[in-house]
Amino acid sequence: MQAHIGDRVHVHGHTAGVPDLWGEVLEVRGSEGQPPYLIAFNDGHQGLIFPGPDAVIEHTVSR
């Protein structure tokens with residue numbers, strides 16, 4: 001998985017009734033776009049994540 005600052009991360013809820021999370025990549029702390037990523041989530045919190053198989057990176061068009 002590879003991301004850049006400004007990309008969006010979409011984490012799918014894996015239990016019925018659990019909403020999906022999405023957020024914007026604020027920092028890429030791994031080398032060459034690899035995790036971990038500091039994310040500003042849609043619910044207002046920030047967190048450092050190592051995305052799992054339930055996550056998708058949505059790349060921004062302009063770099």
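What number goes with the only condition from (1) among the β-branched types (Val, Ile, Thr); (2) modelled with pLDDT under 95; (3) open to solvent by 80 Å² or more (accessible area, probe 1.4 Å) that Ile5 does not pass?
(2)
Which ones in segment 31-40 are at pLDDT below 95 and either open to solvent by less than 60 Å² (accessible area, probe 1.4 Å) or hydrophobic (A, V, I, L, M, F, W, C) (or both)?
The one that is at pLDDT below 95 and either open to solvent by less than 60 Å² (accessible area, probe 1.4 Å) or hydrophobic (A, V, I, L, M, F, W, C) (or both): Gly33.
The values are calculated or read from the model by the stated rules, or taken from the named source; none is laboratory data. Predicted model, so just to flag it, every value in this text is computed and none were measured. Note: accessible area is taken over every heavy atom of the protein model, side chains too, but ligands, DNA and RNA are not part of it. Shrake-Rupley method; radii C 1.70, N 1.55, O 1.52, S 1.80 Å.
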